[in-house]
Amino acid sequence: MPSLHSSSTMSSNNDNQQPQQGSQPWAIAIIVLLMRLVVGGIFVFSGFVKAIDPWGTMYKVNEYLMTLGWDRLADMSLFFAFALPVIELLLGVAIVVGAYRRSAPIGVLIMMAFMLPLTLWLATTNAVPDCGCFGDALVLTNWATFGKNLLLTMGAVFLLIFGRKVAGVFGPAVQWMVMAATFVATMAIALPGYFTQPLIDFRPFQLGTRLVSSQPSTSAQDYLFIYEKDGQQHEFTIDSVPNEEDGWTFVDRREAPTAQQPASQEGSRAIAVTDHGTDAADELLEADSLLLLLFPDLPQVSIATTFVINELTDKAREQGVSVFGITSASDGQIAEWTDISMASYPMLVVDDSDIKMMARGNPAVVYLDNDTIRWKRTLGSISADVIHDRQLTLDRLGEDIQPASLLRKIAIFYAMALVVILVLNRTHLLVRPLFTRKNKKVTEATETSKNNNTNLSNEQEK
């Protein structure tokens, strides 16, 4: 735990300048510690949720670039998607543990010098409805985001002024090791999120989610049937229609009130699916087992993927699994893709945001059983050997994806790395008292021996 430091040793590194001799007020120390936890904690959380989902971060960065008219930087969206969480996590961890007590607050202030005017502009114009600061994990209004950045700026200024008065957890010699461990852990979190799927799914299409049509059902179950008898009319459901032999006469039918709204039970997600402008949700969701090929950006899909896609399609049909391509592209782009890729599966149109939220990747693959999402992954994470394995059924294709286990291993590795660094850095503080106590005993024994010898000499002289 950081504490007030009273060493008078001067350091050549201004970032790690030791506090001046003499104790500082405890109030300042407590506020510094709280500011480190708040400012650093917000940066750690922000960087973590961005690192978890590089695709989502890339989509949001690209949205900002398009809104600001910086189209030429669009090709760098992926670089920014990895760079932003790395920077935020490095700054956040440095502030939390009290490392680089001058440079870290300055780094925060440099970021805020850009983010403050940007978020003020967003708050007044609402050009981008969701700032994306915390990914899909926590959505803030633009005014709340601006207020958050204002508080972070104030906290960083306070830490820049008073932060060096309170020592950090790690000494100056090993702070770079902490940053290196943080960088490795960040990349270990981000890379699976990009090449397979995010280790934590904050989106509404999580595993176990049931897909339902966003259109009202038109089955007989959703109608009330009006019959008349003895001059009085009554409404009946399809299961309770009366017998006309009992004197009932059919008059009319009308939609039941519940049929006016899409199904939205707990654990389900409504989607709108069309085929050349016609609702195709029932066609998509009528199959018992379903493999969806998601193309969020169809023109950017490499033609080299078509072989794997077609092989996967053949494997699915051999196992009685229906296959559909899902995209938000235009009819012309769909026709071009179908011609070039020799696609034997139908292509349906779904809203761009739903495709990107359902699974990350371009293309991505989603497997459903009874309209329920069982697994999802990028197409690139499926090897040809797996597709050619006749013993492996599609329902088991997601068994090798264990995000919770992988995230737990990364967390354990990172925690152990920090503990090892701390022990290496602070061992002398534990060992020094032992040597001090031993030297004190030796000194006392020596003094006692000298005194005894002196007394003995004096007696002999007498």
Original post:
Of the residues ALA415, ALA411, which single one is closer than 30 Å to PHE183 by Cβ, surrounded by 11 or more Cβ atoms within 10 Å (Cβ to Cβ), in contact with a helix residue (DSSP H, G or I) (Cβ under 9 Å, 6 or more places away or on another chain) and modelled with pLDDT of 90 or more?
Top reply: ALA411
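Okay, residues lined up against (1) assigned to a helix (DSSP H, G or I); (2) touching a helix residue (DSSP H, G or I) at 6+ places or on another chain (Cβ under 6 Å); (3) modelled with pLDDT under 95:
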position	(1), (2), (3)
ALA83	yes, no, no
MET112	yes, yes, no
THR119	yes, yes, yes
ALA123	yes, yes, yes
ALA127	no, yes, yes
Original post:
Given (1) in a helix (DSSP H, G or I); (2) touching a Leu at 6+ places or on another chain (Cβ under 7 Å); (3) modelled with pLDDT of 90 or more, where does LEU290 come up short, assuming only one miss?
Top reply: (1)
**OP:** Quick one: ILE52 ticks every box in (1) modelled with pLDDT under 95; (2) touching a Pro at 6+ places or on another chain (Cβ under 8 Å) except a single one, so which number is it?
**Re:** (1)
Original post:
Inside the range 358-392, can you point out the residues that are over 17 Å from GLN319 (Cα atoms), among the β-branched types (Val, Ile, Thr) and either free of Cβ contacts under 8 Å to residues at least 60 places away in the same chain or not in a loop (DSSP other than H, G, I, E, B) (or both)?
Top reply: THR372, ILE373, THR378
**OP:** Could you check, for the range 61-75, whether at least one of its residues is of a type outside the set (S, T, N, Q), farther than 26 Å from GLN206 by Cα and in a loop (DSSP other than H, G, I, E, B)?
**Re:** yes
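Conditions tested, residue by residue: (1) buried (at least 19 other Cβ atoms within 10 Å of the Cβ); (2) over 30 Å from PRO105 (Cα atoms); (3) at pLDDT 95 or above.
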| residue | (1), (2), (3) |
| --- | --- |
| GLY163 | yes, no, no |
| MET177 | no, no, yes |
| THR237 | no, yes, no |
| ASN243 | no, yes, no |
Subject >> Given (1) hydroxyl-bearing (Ser, Thr, Tyr); (2) modelled with pLDDT of 90 or more; (3) more than 26 Å from ARG203 (Cα to Cα), number of the condition THR327 does not satisfy >> reply: (3)
Subject >> Inter-residue pairs, beta-carbon under 6 Å, first more than 12 Å from THR274 (Cβ to Cβ) and in the range 332-357, second among the basic types (Lys, Arg), 6+ apart >> reply: MET357/ARG203
**OP:** Would you mention how many residues in the range 382-408 are under 29 Å from the mean Cα position of the chain (by Cα), in the same structural domain as ALA364 (by TED's automatic domain parsing) and of a type in the set (Lys, Arg)?
**Re:** 1
Original post:
(1) at pLDDT 90 or above; (2) over 20 Å from VAL38 (Cβ atoms): which one isn't true of LEU150, the others all being true?
Top reply: (2)
Subject >> Subset of the range 363-386 that is hydrophobic (A, V, I, L, M, F, W, C) and crowded, with 17+ Cβ neighbours inside 10 Å - its residue that is nearest to LEU284 (Cα to Cα) >> reply: LEU368
**OP:** Output the residues belonging to the range 363-419 that are within 30 Å of VAL44 (Cα to Cα) and among the β-branched types (Val, Ile, Thr).
**Re:** THR378, ILE401, ILE410, ILE412, VAL419
**OP:** Pick out the one residue from GLY132, GLY168, GLY92 that is buried (at least 16 other Cβ atoms within 10 Å of the Cβ) and over 23 Å from the mean Cα position of the chain (by Cα).
**Re:** GLY168
Original post:
Is it fair to say ASP279 is at pLDDT 85 or above, out of contact with any Ser or Thr (no Cβ under 8 Å at 6 or more places or on another chain) and under 23 Å from PRO346 (Cβ atoms)?
Top reply: no
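Residues in the range 159-179: is at least one aromatic (Phe, Trp, Tyr), part of a helix (DSSP H, G or I) and within 29 Å of ASN425 (Cβ to Cβ)?
Of the range 159-179, the ones aromatic (Phe, Trp, Tyr) are 162, 170, 176.
Remaining after also requiring part of a helix (DSSP H, G or I): 162, 176.
Adding the requirement that they be within 29 Å of ASN425 (Cβ to Cβ) leaves 162, 176.
Yes, because at least one residue in the range 159-179 is aromatic (Phe, Trp, Tyr), part of a helix (DSSP H, G or I) and within 29 Å of ASN425 (Cβ to Cβ).
State yes or no: is ALA190 touching a helix residue (DSSP H, G or I) at 6+ places or on another chain (Cβ under 8 Å) and more than 30 Å from THR274 (Cβ to Cβ)? I'd like the intermediate steps shown before the answer.
On the way: touching a helix residue (DSSP H, G or I) at 6+ places or on another chain (Cβ under 8 Å): yes; more than 30 Å from THR274 (Cβ to Cβ): yes.
Yes: the conditions hold for ALA190.
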Subject >> Residue check for SER353: closer than 25 Å to TYR194 by Cα and of a type in the set (S, T, N, Q) >> reply: yes
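Looking at the structure I just gave you, is ASP371 of a type in the set (D, E, K, R) and touching a Lys or Arg at 6+ places or on another chain (Cβ under 6 Å)? Explain how you work it out, then say what you get.
Numbers: of a type in the set (D, E, K, R): yes; touching a Lys or Arg at 6+ places or on another chain (Cβ under 6 Å): yes.
Taking the combined requirement at face value, the residue satisfies it.
Restricting to the range 290-309, count the residues that are farther than 17 Å from MET358 by Cα and in contact (Cβ under 8 Å) with a residue 40 or more places away in the chain. Steps first, answer last, please.
Within the range 290-309, the subset farther than 17 Å from MET358 by Cα is 299-309.
Subsequent filtering for residues that are in contact (Cβ under 8 Å) with a residue 40 or more places away in the chain retains 300-301, 305, 308-309.
Of the residues in that region, 5 qualify.
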**OP:** Residue by residue through the range 104-128, note down the ones that are without any contact (Cβ under 8 Å) to a residue 12 or more places away in the chain and either in contact with a Phe, Trp or Tyr (Cβ under 8 Å, 6 or more places away or on another chain) or under 17 Å from VAL86 (Cα atoms) (or both).
**Re:** ILE110
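The values are calculated or read from the model by the stated rules, or taken from the named source; none is laboratory data. All values reported here derive from a predicted model rather than from experimental measurement. Please note: Cβ atoms are built from the backbone with ideal geometry, for glycine as well, and neighbour counts cover all protein chains shown.
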